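One structure is given here, and the rest of the page talks about it.
The values are calculated or read from the model by the stated rules, or taken from the named source; none is laboratory data. What you see is a predicted model, and the numbers here were worked out from it, not measured in a lab. Using ideal geometry, Cβ is built from the backbone for each residue, glycine included, and neighbour counts are taken over all protein chains shown. The protein model used for the area step is the full one, side chains on, heavy atoms only, and it has no ligands, DNA or RNA in it. Shrake-Rupley method; radii C 1.70, N 1.55, O 1.52, S 1.80 Å.
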Amino acid sequence: MRFKEKVVWITGASSGIGEALAYAFSREGAHLVLTARRTDRLEQVKNACQGPGKILLLPFDVTQLDLHPTMVGAVIEHFGQIDILVNNAGVSQRSKVIETDFSVDRRIMELNYFSVISLTRHVLPYMLQRGQGHIVVISSLLGKFSTPLRSAYCASKHALHGYFDALRAEVADQGIFVTLICPGWVRTEVSQHALRGDGSEHGQIDPSIAKGMDPHRCAERILKAVHKRKEEVAIAGPEGIALWLKRFAPGLLSKLVRRVRVT
Ligand code: NDP
């Protein structure tokens, strides 16, 4: 029971990594706030949670930034505190720069970056007031290097590192921890919901995602990283080698990503 009676707010909790995190935190005794747009799926997740903690469903579109103060207020009113905010909701991309409508670039940034920093900004004062709290951000390996067909996605994830590394340094002596998680391929709905250049959904399970990590395994490793208050953790299979290449052989990685067939 590593998170007994902690109040954990997970965005994107209706499927994939967020859903798996809900089960994992629940098993560890946490109280949960679950956010996503699909209310029916959130209900299913709530019913499948097996832990002793209370669960508040808070369905809303996180890109509606004007709702953030009200939603944060609702959580504080219900639980009195927020111990851990897991910024997980996100969308991927399947289109070249040249074929991507600028509105799609903006949609990806709105969800993957602006909604994340806005929600964090509204939660932070309550954490600072208590002198404790933990902000968790689900980035990606693609927050550390880029591949074709993911320009806005990579940009949004890279931006998270810039922002949250700065925040970590600002609040380190005020009891607030910041953990950036960089998953590789995880078997979720991510490729189905990924946006094409015209804003339509890709609608397919890509082979890399189909053979990716089990989301429950990924969630367990995220909990471990949060418990240990890690600053940044990569959670990946063999594709994680790219991080090593980025650091020690960036020229080679640059050549490889031009050749690798990305879907
Ligand atoms: P899923 O598509 O399964 O989950 C995405 C979640 O985000 C869903 O719960 C979805 O719920 C929610 N969401 C999407 N748009 C909104 C919105 N506007 N408002 C509120 N919630 C929203 O994919 P994953 O679980 O894989 O993705 C979770 C995170 O992990 C993302 O940030 C992704 O970038 C990251 N990631 C995933 C990897 C992978 O291989 N799977 C690899 C690296 C990073 P709903 O539709 O009900 O709103």
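Computed values, structure above
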quantity	calculated
Check: region 4-86 dipole with +1 on Lys, Arg Cβ and -1 on Asp, Glu Cβ, in debye	220 debye
The chain, accessible area per residue, ligands and nucleic acids excluded (1.4 Å, Å²)	48 Å²
Extreme residue, positive dipole direction of the chain, given options VAL123, SER14, SER140 (C-beta unit charges)	SER140
Choice from GLU43, GLU19, GLU28 showing the highest fluctuation, given a GNM over the chain with Cα pairs closer than 10 Å	GLU43
Choice from PRO69, PRO238, PRO59 showing the highest fluctuation, given a GNM over the chain with Cα pairs closer than 10 Å	PRO238
Zone of GLN50's modelled label, taken as backbone nitrogen in region 1-40 under 12 Å from a point 7 Å along Cα→Cβ	23-24, 26-28
Members of LYS4/LYS157; LYS46/LYS230; LYS6/LYS228; LYS4/LYS54; LYS46/LYS157; LYS230/LYS255 lying beyond 21 Å, as alpha-carbon distances in this model show	LYS4/LYS157; LYS46/LYS230; LYS46/LYS157; LYS230/LYS255
Rounded to 5, percent antiparallel among DSSP beta bridges of region 7-259	5 percent
Dimensionless Rg ratio for region 1-153, taking C-alpha atoms and the 2.2 N^0.38 Å reference	1.07
Fraction of alpha-carbon pairs over 15 Å apart in region 95-176 - percent	60 percent
Region 110-242, accessible surface, carbon-and-sulfur percent (1.4 angstrom probe)	54 percent
Qualifying trypsin sites (Lys or Arg not before Pro) for region 94-181 [loop in DSSP, other Cβ within 10 Å: at most 16]	LYS96
Kirkwood hydrodynamic radius of the chain, Cα pairs, Å	18.6 Å
Rounded D (µm²/s) - region 138-202, Kirkwood Rh over Cα pairs, Stokes-Einstein at 25 °C, 0.890 mPa s	184 µm²/s
Average Cα contact separation per residue, the chain, under 8 Å, 6 or more apart, as relative contact order %	19 percent
